[in-house]
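Written out below as structure tokens is the structure these notes cover.
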Amino acid sequence: MAEPTPPAQPSAPATPPAAGVAETAAKVPERNRALRMLGLPALPKKLPSRNWMIFWTLSTAISAGIIYDKREKKRAIAKWRHAVEHLAKEPLPNHNALSELRKITVYLSAPPGDGLRTAQDHYTEYVKPILAASGLDWEFVQGRRDGDVRAYTAEKIRRHRKQTDNGEAEPELPEEPTKEEIIAAHRKLRGIKDYEGIKGDIVIGRHTWKEYLRGLHEGWLGPLTAPPIPVPEPVPTQDIDGEKLEEDKKKEEEAKKKEEETKSKRPPQPRPYNTPADYASSPLPPSIPNELSPVAPVREPHLLGFLSTPTRMYRFFNRRRLADEIGRDVAAVCLAHYRHFSTQSGEDQQYEQERELAWEEKDWVKTVWKEAGDEPEHVKEREKAGITEVVRAKPLVLDPRIAERMRRFELTKEDEERVAKIAVPEEEIEGWTKGKFRQLYRWGKGKVVGEEKRSNVEDVD
């Protein structure tokens, strides 16, 4: 007998979902169609946190400032390179005659509190590109110690005076001649004449500028022979036992041996032939010209110290202005446009040479002024370093007869207008990344479009 089927139980009524919650849960957030077609993820619905926003804002601002300044610095240097590059294309004069070409002298020395490498990097970055574009020849005068530039400048002038004042056409070479003396003797034997035009000097930094002016005055107003070295007066000593005297002598001998071992192979720095107090009583030599060779003082800002970080950062982000100012001075040297220095003016009645680059002294380290004292400790340190005269820390003294004969390089209005019209191509100043993208674009365009084919056969028709 078939079992009776149980009666169907009534199904429980379905609970209706909540009106708002079920609809929002079932819907999927719609993506941007354009991003979806490109395969890009959906954009975030909220901004990053406050700390991330601060980090990315500062990073972007600093990176943009560095990139922009570097780009504009390249543009400024390229502009002044284009302003003098026509000099390299000019033909050389006097093809048949043996004569020396124009040569510029670049004076640089180690800034206070730092080494010579800092000055060399400054020259390589701002000065060298313009000189190289002009096609001119130049030589270096590098000073590692205080007074090296002064000694070289004075000795160069004295050598010129000996040949003209005393009539020494062919002075005898010393036992250990320098490279310049050997070259000068070789040129005289070959009959090579000196350059008769304007040569010019470039002096980098206030510290080098003070030594350069001191060397000019020493060379033109000082004697041709070195003055006798003053002998110190013997100091009376008390009676001391013989054993102590022997011990002191042994210590002195050991110290001298150590000094000789540590001494460099460079020749010692010659002592100055006169002092600033002797300028007024010194007569002018008959060989001094009415106008000295023009000179261009070039700025070299050099600031050290942790507390000076804000100033250093400001200068770091504005190197484009420094490149433009230095480029203007170096271009004036290449184009050989000059004027006389202005005479005494202002409340202090100072010459223009005294005010030139005077603001750089505020950035010097304090040890420059302390070590220039007459204390026995500082005197011994200078003797060990081979410094015979302190020039940088002393005030600048000028003789009116020398100051009025000096000239400085400066661009004319016509040159300023011509340089203002120079447009630097974008490819010269772009970075590595943009340059590679430009090459890739040109390569792809050449593959797709194809290069124009030119036939060597002319159209007969």
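Observations, loosely collected:
- Picking from residues in segment 171-184 that are at pLDDT below 80 and surrounded by 10 or more Cβ atoms within 10 Å (Cβ to Cβ), the one that is nearest to Leu224 (Cα to Cα) is Pro171.
- Residue match in segment 326-340 (condition: without any contact (Cβ under 8 Å) to a residue 60 or more places away in the chain and either assigned to a helix (DSSP H, G or I) or open to solvent by 30 Å² or more (accessible area, probe 1.4 Å) (or both)): no
- Any hit, segment 46-68, residues being over 28 Å from Asp137 (Cα atoms) and among the basic types (Lys, Arg): yes
- Picking from residues in segment 281-324 that are part of a helix (DSSP H, G or I) and of a type in the set (Val, Ile, Thr), the one that is nearest to the chain's Cα centre (by Cα) is Thr311.
- Residue that is among the acidic types (Asp, Glu) and either at pLDDT below 90 or touching a helix residue (DSSP H, G or I) at 6+ places or on another chain (Cβ under 8 Å) (or both), where the choices are Asp137, Asp194: Asp194
- Scanning segment 197-247 for residues that are part of a loop (DSSP other than H, G, I, E, B), modelled with pLDDT of 75 or more and hydroxyl-bearing (Ser, Thr, Tyr) yields a total of 1.
- Ile66, sole failed condition from (1) part of a helix (DSSP H, G or I); (2) open to solvent by 80 Å² or more (accessible area, probe 1.4 Å): (2)
- For segment 289-325, the candidate set comprises residues that are within 30 Å of Asp165 (Cβ to Cβ) and of a type in the set (S, T, N, Q); within that set, the residue that is surrounded by the most Cβ atoms within 10 Å (Cβ to Cβ) is Ser293.
- Residue in segment 351-361 that is within 25 Å of Lys73 (Cβ to Cβ) and part of a helix (DSSP H, G or I) present: yes
- Filtered by the rule that a residue be within 30 Å of Cys334 (Cα to Cα), open to solvent by 20 Å² or more (accessible area, probe 1.4 Å) and part of a helix (DSSP H, G or I), segment 372-409 gives Pro400, Arg401.
- Answer from Ala132, Ala119, Ala76, Ala83 - the residue that is assigned to a helix (DSSP H, G or I) and under 30 Å from Arg190 (Cβ atoms): Ala132
- Among residues of segment 361-388 that are among the charged types (D, E, K, R), those with a Cβ under 8 angstrom from a residue that is in a helix (DSSP H, G or I), sequence gap 6+ or separate chain, pair up as Glu361/Arg206; Asp363/Ser308; Lys370/His378; Glu371/His378; Glu371/Glu381; Glu371/Arg382; Lys384/Glu259.
- The listed residues are Phe437, Phe409, and the only one of them that is over 25 Å from the mean Cα position of the chain (by Cα) and more than 19 Å from Arg214 (Cα to Cα) turns out to be Phe437.
- Restricting attention to segment 410-449 and to residues that are outside any helix (DSSP H, G or I) and aliphatic (A, V, I, L, M), the residue that is nearest to His337 (Cα to Cα) turns out to be Leu411.
- Extreme residue, nearest to Asp194 (Cα to Cα), among residues of segment 149-165 that are open to solvent by 30 Å² or more (accessible area, probe 1.4 Å) and in contact (Cβ under 8 Å) with a residue 60 or more places away in the chain: His160
- Number of the exception - Ile422 against (1) loosely packed, with under 13 Cβ neighbours inside 10 Å; (2) in contact (Cβ under 8 Å) with a residue 24 or more places away in the chain; (3) over 26 Å from the mean Cα position of the chain (by Cα): (3)
- Test: residue in segment 274-282 that is among the acidic types (Asp, Glu), farther than 30 Å from Pro129 by Cβ and surrounded by 12 or more Cβ atoms within 10 Å (Cβ to Cβ): yes
The values are calculated or read from the model by the stated rules, or taken from the named source; none is laboratory data. Nothing here was measured: the structure is a model prediction, and the numbers come from that model. No Cβ is skipped: glycine too gets one built from the backbone with ideal geometry, and neighbour counts run over all protein chains shown. Ligands, DNA and RNA are stripped out before the accessible areas are found, and what is left, the full protein with its side chains, is counted by its heavy atoms. Shrake-Rupley method; radii C 1.70, N 1.55, O 1.52, S 1.80 Å.
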